[in-house]
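Every number in this text was worked out from the coordinates using simple rules, so none of it is lab data. Just so we're clear, the structure is a prediction, and the values are computed from it rather than from any experiment. Positions of Cβ are generated from backbone atoms using ideal geometry, with glycine treated the same way; all protein chains shown enter the neighbour counts.
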Amino acid sequence: MNEPRPPGDDSAEGDVNTSPLRREFEAAHLHGKTRAMLAADADVFLHQSLSTPCFNAVASCDGIWLTDVEGRRVMDFHGNNVHQVGYRHPHVMAAVKAQLDTLPFAPRRFTNAAAVDLATKLAALAPDPLGKVLFAPGGTLAIGMALKLARLATGRHKTLSLWDSFHGASLDAISIGGEAVFRKHMGPLLPGTEHAPPCDPGACRFSCGGTCNAKCAEYIDYVLGKEEDVGAVIIETIRCTDVQIPPPEYYRIVRAACDRHGALLILDEVPICLGRTGRMFAFEHYGIVPDMVVLGKGLGGAVFPMAALVARRDLDIAADRALGHYTHEKSSVGCAAALATLEVIENEKLLERSQTLGARSLERMRELKRHHPLVADVRGIGLLLGIELARDGAPARREAEQVMYHCLAHGLSFKVGQGNVLTLSPPLVITPEELDAAFTILDAALSAVETGSR
Ligand SMILES: Cc1ncc(COP(=O)(O)O)c(C=O)c1O
């Protein structure tokens, strides 16, 4: 269903924040206090796509819930993917508060226990030969470190990544990223950043039709063979924005292609690591191990900006170069939050929970597909869920937005990816009852949009 978008449609990464439907939502639902805050926000911040103007103002958060400044609560099925353990998880909050009271910052050149413990834990969780770690205060920065390390390790500066991908908003990250909204009118990007078509099962550009022949993976092999000097292939293991789940053979072929042509495989799991897909690392679904994996977002326990590069042990080759060198590189508070988050994931068996509740969600989504002509496809892995809307065979972008605003007004927040995919990523601590309540809201929203009663 991913047809070319009309000119000027920048809906790739998220929903459009200047649309007429947004204005309607504001007029109907936002009142004095919120409007004043949004106006102050618009006054003081530099405006940018996808985040200005904001659509509401939050006052507090707890578990799966956001509370806005007018006291309304919504279930947060977006949360920028930081909230695997929910907001203000008591174990995470206690660890952060304890760290704040003792060591709120560790200057560079000093190590600290939380940082060493977290790196040790991540190295132990990651399969061999992964095992060396570097932290950064954000996923984009960790991607940048991976790109530098790949250059140093291979002596090659070229990269191969995928159209429609997102790896962060800095100049190096948008150079390998594949979304027009970030790349256009930015002037020259990094040289040597080749792109290949993404694996979008269901909308295959290689005419694989109903049976996937993994032609897009073979195309990666083809490009690596043609170019000969690509240093790294960078892919989101599963594209989060619209939940594109490659078939099992995809990564077997990509891994073999990288090995054959001497390119390192870097997997970006910034939004989908730590249980979102039902596994600690999403690549575990595919039976391969990358040369580097980049983690972020939920690593900071919905408190702190934390990201990590976990690389093959033998890639510890850059002792005389700066890969990261970030002021908050080994944040004692961030590392304490991350360690506590990993403990919560283990103690509360959130991987299993993600799998079980994911299966329950898929059932509900298949039911939605049976009852709603607007639902063209449903897909999910763990608690990363996508509902694709189409009308007359074309992406139903306007309807997706209508469904989103209807849900928002009835207590459920999520994001629309690629213009027509309702992307749902609830906290893994959600209860089955809360999950059911969310699907009831969605069901009603789809009915309202289909009957025009919205
Ligand atoms: C796949 C992916 N990679 C990288 C990033 C960048 O992470 P950050 O915003 O923490 O810099 C994001 C953020 O949304 C992402 O989704």
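Under the convention that each Lys and Arg Cβ holds +1 and each Asp and Glu Cβ holds -1, the size of the dipole of segment 176-221 around its Cα centre is about 180 debye.
Compute the relative contact order of the chain as a whole-number percentage, counting only Cα pairs closer than 8 Å that sit 6 or more residues apart in sequence.
Numbers: 918 pairs, mean separation 103.2, N = 454.
Reported relative contact order: 23 percent.
Under a Cβ-only charge scheme (Lys and Arg +1, Asp and Glu -1), can you give me the dipole magnitude of the chain about the Cα centre, in debye to the nearest 20?
On the way: 46 positive and 54 negative charges, 90 e Å.
My answer is approximately 440 debye.
For segment 284-348, the relative contact order is 35 percent, taking Cα pairs closer than 8 Å that sit 6 or more residues apart in sequence and dividing their mean separation by the residue count. Helix screen, the chain: DSSP H segments with Cα axial length of 24 Å or more and mean Kyte-Doolittle hydropathy at least 0.5 are 432-451.
For segment 40-191, compute Rh as the Kirkwood radius over C-alpha pairs and then the Stokes-Einstein diffusion coefficient at 20 °C and 1.002 mPa s; write the answer in µm²/s, rounded to an integer. Could the numbers behind the result be given before it?
Values: Rh = 19.4 Å.
D = 111 µm²/s.
Of all DSSP beta bridges confined to the chain, the antiparallel ones make up roughly 65%. The length gained on full extension between residue 39 and residue 117, counted as 0.36 nm times the residue separation minus their Cα-Cα distance, comes to 23.7 nm. For a modelled paramagnetic label at residue 91, 7 Å from Cα along Cα-to-Cβ, the residues of segment 295-319 in reach, with backbone nitrogen under 18 Å, are 298-304.
Between residue 222 and residue 208, the modelled labels are 1.4 nm apart [label points 7 Å from Cα along Cα→Cβ]. Considering the options 30, 380, 285, tell which one lies farthest towards the positive end of the dipole of the chain, charges being +1 on Lys and Arg and -1 on Asp and Glu at the Cβ, about the Cα centre. The listed residue farthest towards the positive side: 285. As a proxy for reagent exposure, 391, 397, 379 were ordered by neighbouring Cβ count within 10 angstrom, fewest first; the result is 391, 379, 397.
Scattering from the chain was approximated by placing one identical point on each alpha carbon and applying the Debye formula without solvent; log10 I(q)/I(0) at 0.08, 0.10 1/Å stands at -0.45, -0.72.
Can you give the extra length, in nm with one decimal, that the chain gains between residue 73 and residue 440 once fully stretched, where that is 0.36 nm per residue apart less the Cα-Cα distance?
Numbers: separation 367, 0.36 × 367 = 132.12 nm, distance 1.63 nm.
Full extension from residue 73 to residue 440 adds 130.5 nm.
3J(HN,Hα) along segment 287-301: x, 10, 10, x, 7, 8, 10, 10, 10, x, 6, x, 4, x, x Hz, from the Karplus curve 6.51 cos²θ - 1.76 cosθ + 1.60 with θ = phi - 60°, whole Hz, x for Gly and Pro. Here segment 165-270 has an Rg and Dmax of 13.8, 40 Å, counting Cα atoms alone.
Taking each residue as 0.36 nm, the span from residue 24 to residue 431 lengthens on full extension beyond its C-alpha to C-alpha distance by 143.3 nm. In segment 319-388, the alpha-carbon atoms span a convex hull of 158 Å³ per residue.
Given axes a ≥ b ≥ c from the Cα gyration tensor, I'd like to know whether segment 263-322 is rounded (a/c under 1.5), prolate (a/b larger than b/c) or oblate. Oblate shape, in that a/c is at least 1.5 and b/c is the bigger or equal ratio.
Working from label points 7 Å from Cα in the Cα-to-Cβ sense, the residue 31 to residue 60 distance is 1.9 nm. Once both labels are positioned 7 Å from their Cα atoms along Cα-to-Cβ, the gap between residue 352 and residue 394 label points is 4.9 nm. With the Cα gyration tensor of segment 299-454 giving a ≥ b ≥ c as the square roots of its eigenvalues, does the rule (a/c under 1.5 for rounded; else a/b larger than b/c for prolate; else oblate) give rounded, prolate or oblate? Because a/c hits 1.5 or more and a/b exceeds b/c, segment 299-454 counts as prolate.
Listed from fewest to most Cβ neighbours within 10 Å, the set 66, 362, 149 follows the order 362, 66, 149.
Once you mark the chymotrypsin sites (Phe, Trp or Tyr not before Pro) that are in a DSSP loop and have at most 15 other Cβ atoms within 10 Å, what is the longest gap between them in the chain? Before the final figure, lay out the partial values.
Numbers: sites that count: 45, 105, 110, 163, 206.
Longest gap between qualifying sites, sites excluded: 207-454.
Pairs of lysines in the chain whose Cα atoms sit within less than 22 Å of one another amount to 20, provided the residues are eight or more positions apart or on different chains.
The H on the amide N of residue 308, modeled in the peptide plane, is under 5 Å from the matching H of 136, 295, 296, each at least 5 residues off or on a different chain.
Label zone of residue 453 (point 7 Å out along Cα→Cβ, amide N under 18 Å): in segment 382-409 this covers 402-409.
If contacts are Cα pairs under 8 angstrom and at least 6 residues apart, what is the relative contact order of segment 1-155 in percent?
Numbers: 88 pairs, mean separation 18.0, N = 155.
It comes to 12 percent, rounded to a whole number.
About the centre of its Cα atoms, segment 224-289 shows a dipole size close to 220 debye [charges on the beta carbon of Lys, Arg (+1) and Asp, Glu (-1) only; nearest 20 debye]. Computed from backbone phi, the HN-Hα couplings of segment 174-186 come to 6, 5, 8, x, x, 10, 4, 4, 8, 8, 6, 6, 9 Hz, rounded to whole numbers (Karplus: 6.51 cos²θ - 1.76 cosθ + 1.60, θ = phi - 60°; Gly and Pro given as x).
In order along segment 278-286, the phi-based Karplus estimate (6.51 cos²θ - 1.76 cosθ + 1.60, θ = phi - 60°) of 3J(HN,Hα) comes to x, 10, 4, 10, 5, 5, 5, 5, 10 Hz; Gly and Pro are listed as x.
Neighbouring Cβ atoms within 10 Å as the yardstick, rank 215, 349, 226 fewest first.
Working: 215 16, 349 13, 226 10.
Fewest-to-most Cβ neighbours within 10 Å comes out as 226, 349, 215.
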